[in-house]
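Colleague: One structure is given below, represented as structure tokens, and several questions about it will come after.
Since every read-out is calculated from the coordinates, none of them should be taken as a lab result. This one's a predicted model, so the numbers in the text were calculated from it and none came from an experiment. Cβ placement follows ideal geometry from the backbone for every residue including glycine, while neighbour counts extend to all protein chains displayed.
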Number of protein chains: 2
Amino acid sequence: MARARSGARAEAKRSLILDAAARVMLEHGYAGVTSRSIGAEAGVQAPLVHYYFPTLDDLFVALLQRGVEHSKRQFAAALASPRPLRTLWQQHLDPRGTSLTVELVALSNHRPAVRKALVEMSADFQRVQIAGFTELWRRYGVDTELFPPELAVIALGGVARVIVREQAMGMTVGHDAALAAISRLIARLEPEDDQEDEGG
Amino acid sequence: MARARSGARAEAKRSLILDAAARVMLEHGYAGVTSRSIGAEAGVQAPLVHYYFPTLDDLFVALLQRGVEHSKRQFAAALASPRPLRTLWQQHLDPRGTSLTVELVALSNHRPAVRKALVEMSADFQRVQIAGFTELWRRYGVDTELFPPELAVIALGGVARVIVREQAMGMTVGHDAALAAISRLIARLEPEDDQEDEGG
DNA sequence: ACGAACTTATAACATTTGTTCAAACTTTGG
DNA sequence: CCAAAGTTTGAACAAATGTTATAAGTTCGT
């Protein structure tokens with residue numbers, strides 16, 4: 001059957017186009033993402049983009065979906081790692097994911113379809129993250145009255161986003177001190193050596 | 001001389017146009033900001049926008065400048081207030097300033113002139129904020145090894161930006177818990193009553 | 001009241017955008 | 001090898017954009 005072949009190839013082409021769109025978005029911002037710029041980046045003509053994604057909204061939503069799925073997989077992997085907190089922090093410092101998120105969020109401001117998808121997926125992911133931190137905080141014996149999992153999720157994402165974005169722009173005022181302090185804070189819960197320190 | 005009269009009026013018109021641009025940007029995102037949309041919002045024709053701001057880059061830079069100046073004034077006022085930390089936090093929760101910042105940052109991704117201005121002004125403001133927090137932390141006896149002023153500035157801005165943006169999109173998962181925890185953290189350094197607590 | 005400087009609007013421009021249409025090319029089942 | 005399905009492209013569309021040229025209106029010193 002023709003569908004089997006085309007189904008596999010089509011998925012690869014879709015992915016190729018999404019990759020190109022992500023690269024363009026990272027380099028030129030969301031407003032630089034056009035059927036033509038994506039096509040050029042993917043080595044393809046503009047109408048082909050619309051063949052796979054009828055409207056650009058469809059493409060943006062697909063990009064978003066792929067990103068959230070990746071984030072979920074990463075989050076689960078981090079939780080299962082020896083030092084979940086440190087792993088999570090390092091993941092958050094990856095400029096690609098963070099910058100894409102910033103662009104998609106800004107984009108969603110005037111694209112109702114994208115906005116709707118973003119809100120739904122983000123709320124879902126946020127709940128997953130909070131559940132993960134609830135378990136982690138319990139394991140570490142963190143005072144959840146003082147620093148609840150909800151705040152941990154927001155703080156982790158917020159701080160990382162600021163640092164990554166500023167670094168991408170060549171602004172590094174105070175970053176050394178902040179990064180060092182965060183490392184020390186994490187080390188309190190997840191010591192680098194094998195010595196434990198759980199004094200609350 | 002004619003300049004005196006026009007100077008005053010021109011400044012008012014400039015301000016009117018900047019206000020309109022800010023409103024459009026808040027409502028439709030930066031990509032929705034065009035000479036025509038600004039004109040419509042300001043009750044003026046598009047070319048007049050270019051009369052005051054030859055290119056849109058000029059307008060964006062002016063908007064940025066005005067915003068930073070406002071932020072600096074607000075920051076100084078907060079530091080001089082009875083409870084600087086709480087005042088700062090409430091200022092950061094104002095959706096207008098935060099959302100505008102997010103848009104201008106995204107915008108600067110593909111507008112070199114705006115990017116340059118943003119980096120310079122932000123770095124300057126960041127240094128002012130760090131200096132302010134250094135003094136404040138000294139007053140409060142905060143352990144700067146554990147939580148340096150640099151991290152405080154980044155955390156305050158980062159967390160506030162996440163919450164404000166999510167609220168603007170109708171996403172409030174975990175916000176109640178996070179906001180309550182932040183209030184309690186602030187209250188540790190700045191009690192609501194008149195009882196002092198400077199235990200380091 | 002006159003003329004010069006300053007403001008504003010109308011009309012138009014070249015360019016870029018998202019998207020569509022029909023035609024060409026490619027694969028592949030029979 | 002042929003036809004049909006799937007894929008890719010070239011050409012074109014209306015709409016929107018930043019910007020300019022130009023002309024009309026307004027203000028104000030004299």
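Colleague: Return only the number of the condition from (1) touching a Pro at 6+ places or on another chain (Cβ under 6 Å); (2) surrounded by 19 or more Cβ atoms within 10 Å (Cβ to Cβ) that B:L64 does not satisfy.
Modeller: (1) is the only condition that B:L64 fails.
Colleague: Can I ask one more? For region A:94-109, which residues satisfy the criterion of being in contact (Cβ under 8 Å) with a residue 24 or more places away in the chain and facing chain B (nearest Cβ under 7 Å)?
Modeller: A:V102, A:E103, A:A106
Colleague: Continuing with the same structure: What number of residues in region A:35-91 are of a type outside the set (F, W, Y), within 14 Å of DNA strand C (Cβ to nearest atom) and away from every other protein chain (no Cβ under 14 Å)?
Modeller: The total comes to 21.
Colleague: Exactly one condition in (1) surrounded by fewer than 21 Cβ atoms within 10 Å (Cβ to Cβ); (2) in contact with an Asp or Glu (Cβ under 7 Å, 6 or more places away or on another chain) is false for B:G97; which is it?
Modeller: (2)
Colleague: Something else now. Among the residues of region B:111-149 satisfying the criterion of being outside any helix (DSSP H, G or I) and over 17 Å from A:A178 (Cα atoms), which is nearest to the other protein chains (Cβ to nearest Cβ)?
Modeller: Among them, the one singled out is B:R111.
Colleague: Would you confirm, using the coordinates I've provided, whether A:G29 is in contact (Cβ under 8 Å) with a residue 40 or more places away in the chain, among the small types (G, A, S) and surrounded by 18 or more Cβ atoms within 10 Å (Cβ to Cβ)?
Modeller: yes
Colleague: Moving on. Only one residue in A:F75, A:F60 is in contact with a Leu (Cβ under 8 Å, 6 or more places away or on another chain), farther than 30 Å from A:L179 by Cα and of a type outside the set (A, V, I, L, M), so which one is that?
Modeller: Result of the check over A:F75, A:F60: A:F60.
Colleague: Given the structure, is A:A106 part of a helix (DSSP H, G or I), within 16 Å of DNA strand C (Cβ to nearest atom) and touching a Gly at 6+ places or on another chain (Cβ under 8 Å)?
Modeller: So A:A106 passes the test.
Colleague: Let me ask another. Within 21 Å of the chain's Cα centre (by Cα), basic (K, R) and farther than 20 Å from A:S122 by Cβ: does that describe B:R127?
Modeller: yes
Colleague: Still on this structure, please answer the following. Residue under question is B:A10, and the condition is that it be more than 14 Å from chain A (Cβ to nearest Cβ) and near DNA strand C (Cβ under 9 Å from one of its atoms); does it hold?
Modeller: Values: more than 14 Å from chain A (Cβ to nearest Cβ): yes; near DNA strand C (Cβ under 9 Å from one of its atoms): yes.
The answer is yes for B:A10.
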